[in-house]
Amino acid sequence: MDKVYNHQKIEPKIYRLWEKSGFFNPDKSPLRQSSNKKQKSFCIIMPPPNANAPLHIGHGVGTTLQDLMIRYQRMQGKKTLWLPGTDHAGFETQVVFEKELEKQGKSGLEMNREEFFKSVWGYTQKNKKIVKKQLKLLGASCDWSREKFTLDKNIQKTVYQTLEKLWKDGLLYRGKRIVNYCPKHKTAFSDLEVKYQEEKGTLYFVKYKLKDKKDKWITVATTRPETIPGDTAIAVNPLDKRYKKLINLIAIEPITRREIPIISDKLVDIDFGTGALKITPAHDSLDFEIGQKHKLEAIETLNFDGYFNKLARPLAGLNVSQAREKSVEILKRNGSLEKEVDYLHQVGHCYKCNTKIEPMLMDQWFIAMTKPLPKTKKSLRDLAVEAVKNKKVKIVPSRFEKVFFHWMNNIKDWNISRQIRWGIPIPGYHCQDCKQSFIEINKTPKKCIYCQSKNIKKDPDVLDTWFSSGQWPFATLFSSEGIKSKDFKTFYPTEVMETGWDILFFWVARMIILGIYRTGKIPFKTVYLHGLVRDKDRQKMSKSKGNVIDPLAVIETYGTDALRMALIIGNTPGNDIIISEDKIRGYRNFANKIWNASRFVLSNLSDYDGKKPILNSRDKKILMNLKKTQKKVTANLNDFKFSLAGETIYHYFWHVFADKIIEEMKNRIRNNKNKKQAQYILYIILKDCLKMLHPFMPFVTEAIWQKLPNYQNKKTDLLMINKWF
RNA sequence: GCGCGUGUAGCUCAGUUGGUUAGAGCGUACGAUUCACAUUCGUAAGGUCUCUGGUUCGAAUCCAGGCACGCGCACCA
């Protein structure tokens with residue numbers, strides 16, 4: 001054995017050894033056969049990394065924690081499956097890819113749909129390979145024979161079937177609604193993709209003259225005077241005494257001079273501004289809601305390219321900020337502007353490019369979240385809330401359950417269509433005659449299912465990525481046989497979903513919703529939410545910020561085991577962690593400590609026969625203490641307290657075993673005092689420590705295990721599949 | 001507005017249902033070392049556990065409130 005642990009030399013060899021054994025595959029693991037018939041299964045579906053970039057250190061956290069659980073459970077003798085895969089990540093990937101093109105001086109617009117799709121496909125395939133290589137470097141013991149991609153044929157088939165089911169159940173509908181629209185990316189988003197930022201704005205108090213009542217007016221407060229040409233009413237609260245007499249009168253909109261009614265609706269906040277609200281159904285979601293109720297016209301004055309059209313007359317051809325300036329100018333000139341007040345408010349921005357989101361009226365596909373399922377009184381939301389409420393799905397840490405309920409209570413219908421090119425196409429069709437839309441997943445329809453017209457058009461949009469990844473837990477296990485497949489029966493519901501808290505709504509909630517809806521069963525029993533890795537300035541790591549740490553570089557310098565340990569210790573669920581090189585170096589030293597302590601023990605076992613000698617009470621006490629440590633580590637692992645488990649074994653190995661026990665036994669062996677007992681104790685503790693350490697630091701422990709003497713043929717070849725205590 | 005989190009050693013963070021001298025990594029001081037390991041060992045310095053009050057035999061831990069920072073959600077136009 002080398003004097004210093006050489007991770008660069010050993011880690012690749014060990015991974016090859018594991019892969020060659022085939023034991024990552026639960027069907028081939030020998031621990032399975034040696035256990036009783038009612039063997040429990042343990043399955044984690046890996047959150048699929050986006051196939052658009054190499055992994056960053058944040059992925060390292062998830063991968064490490066999952067591998068830790070998987071290795072521990074595998075050693076517990078369970079039929080253990082960790083299923084890997086990657087996500088095509090629709091919008092995310094398209095953005096990254098277009099940036100790449102830009103760097104090369106190209107543009108995605110030069111390509112037609114097929115060419116574009118093909119080049120992105122190639123791009124993701126390349127990244128998939130990199131991701132896979134990185135996962136292996138991290139020591140991931142996942143079953144590569146079951147690897148999946150969100151665009152695999154079978155996955156897409158499952159996704160389509162779910163879509164069809166939703167359609168047939170009346171939960172998927174085509175509707176013209178206000179959606180969040182990014183004028184730069186020219187696509188709609190769900191509510192989650194909008195980031196609100198506080199901004200200094202101006203609240204304009206605008207006078208609308210009353211028709212037939214000279215010199216009388218009603219004043220409304222608005223931050224968006226440029227939308228005035230889209231106004232189709234003014235609304236006041238029915239309880240507002242100030243305006244009671246004005247209800248049902250006609251006001252004159254001050255830019256294009258149209259006549260609009262004054263209506264009453266209890267959604268209007270009496271205390272805001274003047275208590276009178278201008279209603280622009282086409283460009284505001286509350287206004288749209290009120291407009292629907294009162295059957296108001298929705299005048300779409302803003303085009304999808306971000307410029308106003310001729311319906312906004314004097315503002316036509318201007319973008320939003322230009323139009324705002326111009327409208328204020330007009331209002332000032334004609335005496336309609338009562339006053340301007342500085343105003344701090346939250347403005348929605350595109351989470352990717354920070355462009356201001358425009359609420360726009362668009363035809364999109366929505367999933368009804370609060371509508372009852374056929375023959376039940378329960379909605380998709382109800383099913384998910386119920387599962388978490390009665391602890392069928394447990395969230396760790398539990399405080400996120402509150403957050404989950406809060407979000408669920410406010411949930412709105414989910415817009416799943418995206419006006420981009422990379423993703424799973426929506427199998428939707430629009431009839432040009434009767435103007436109705438429908439879903440058809442099995443064939444290309446020839447005519448409209450409603451009016452039989454042959455004048456139908458394929459929907460050009462793709463599905464929100466989260467709609468497909470929201471089905472990941474069962475889609476990955478379905479293979480081609482769906483709900484009857486063997487893997488699905490064996491491993492679903494899966495045991496743990498390990499992911500970051502930042503995608504609790506985006507992903508976890510949707511998996512619970514779609515999992516229960518499609519299979520009737522929860523997708524996983526426990527959700528473990530790890531913290532985000534942040535840099536020294538507490539910034540979230542992201543490629544666009546350029547502050548990512550490349551795990552490859554860290555692994556090369558300090559080794560995977562050191563990195564893993566640094567990511568586990570001090571990392572508690574739901575709390576973010578800051579990773580420092582010093583910490584990683586510290587655990588590199590620990591790996592070396594394990595190596596050298598083992599080297600010492602092994603070099604002193606040459607004349608030992610492996611038999612258990614009679615022990616005195618002092619030696620028994622030492623072994624009792626070992627048992628106590630095992631119990632503590634086991635309990636912590638069962639309780640998702642990985643940091644504590646890691647600290648416990650770290651402390652025991654270094655400061656009890658190496659510092660105290662080895663020193664004592666060293667003297668006894670040298671002086672030939674109870675030498676056999678000393679050798680026995682060293683051997684037993686080392687062996688057990690390697691087991692305990694293996695889920696944390698798989699490489700160094702396996703490498704040493706391979707050098708352990710094999711007394712009475714009792715040693716299993718690979719530590720990886722050795723039985724936990 | 002509603003909700004959540006954090007505040008522990010110089011720095012970054014742990015602290016398991018309240019229970020002896022509050023821990024880790026790095027850093028600091030002094031010393032050791034051909035004997036498994038300088039990626040080492042020993043010793044030490046360094047903490048009013050954010051503040052105030054309460055419950056308790058006992059509180060970093062539970063409760064109430066204050067201060068500071070961070071975050072999530074929300075149709076206040």
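Out of every Cα pair in the stretch A:71-187, what percent are spaced more than 17 Å from each other?
On the way: 4863 of 6786 pairs.
Percentage above 17 Å: 72.
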Any idea what angle helix A:90-103 forms with the longest principal axis of chain A, computed on alpha-carbon atoms, 0 to 90 degrees, nearest 10? 90
Cα-based Rg of the stretch A:575-725 per 2.2 N^0.38 Å, rounded to two decimals? 1.07
For the stretch A:276-417, just the Cα set please: Rg and Dmax, both in angstrom. 20.8, 64
What whole-number value in cubic angstrom gives the convex hull volume per residue for the C-alpha atoms of the stretch A:410-453? 125
Over the stretch A:645-690, the quotient of the Cα radius of gyration and 2.2 N^0.38 Å is 1.19
Computed over the stretch A:1-121, Kirkwood Rh from alpha-carbon pairs, angstrom: 18.0
Counting pairwise Cα distances across the stretch A:153-223, what percent come out greater than 20 angstrom? 67
Amide H of A:Ala233 versus every other amide H placed in the peptide plane: which residues, excluding those fewer than 5 positions away on the same chain, fall under 5 Å? A:Ile279
Its Cα gyration tensor gives chain A an equivalent ellipsoid whose semi-axes in whole Å, largest first, are 61, 27, 23
Which longest uninterrupted range of chain A lacks any GluC sites (Glu not before Pro) assigned by DSSP to a loop state (not H, G, I, E or B) and surrounded by at most 15 other Cβ atoms within 10 Å? A:1-296
Size of charge dipole - chain A - debye, nearest 20, with Cβ of Lys, Arg +1 and Asp, Glu -1, no other charges: 2840
Across 5 Å bins beginning at 0, the whole-percent shares of Cα-Cα pair distances in the stretch A:374-451 come to 3, 11, 15, 13, 13, 13, 13, 10, 6, 3, 1
Pairing the Cα long axis of helix A:113-137 with the longest principal axis of chain A, what angle in degrees results, from 0 to 90 and rounded to the nearest 10? 30
Using only the Cα atoms of the stretch A:349-415, what do you get for the radius of gyration and for Dmax, in Å? 15.6, 44
The helix A:675-693 Cα axis meets the longest alpha-carbon principal axis of chain A at an angle in degrees, between 0 and 90 and rounded to 10, of 10
Dimensions in Å of the stretch A:315-388 - Rg and Dmax from alpha carbons: 21.4, 60
Can you list the aspartates and glutamates whose alpha carbon sits under 14 Å from that of A:Lys375, skipping same-chain ones fewer than 8 residues off? A:Asp169
Starting from 0 in steps of 10 Å, tell me what percent of the Cα-Cα pairs of the stretch A:124-181 lands in each bin. 17, 28, 25, 21, 9
Viscosity 1.002 mPa s, temperature 20 °C: what is the translational diffusion coefficient of the stretch A:103-257 from Stokes-Einstein with a Kirkwood Rh over Cα pairs, rounded to a whole number of µm²/s? 94
Over the stretch A:224-340, how many percent of alpha carbon pairs lie in each 10 Å bin up to the one with the longest distance? 14, 44, 35, 7, 0
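Bear in mind that the values in this text are calculations on the coordinates, not laboratory data. This structure is a prediction, so every number in the text was calculated from the model and none was measured. All Cβ positions, glycine included, derive from the backbone under ideal geometry; neighbour counts span all protein chains shown.
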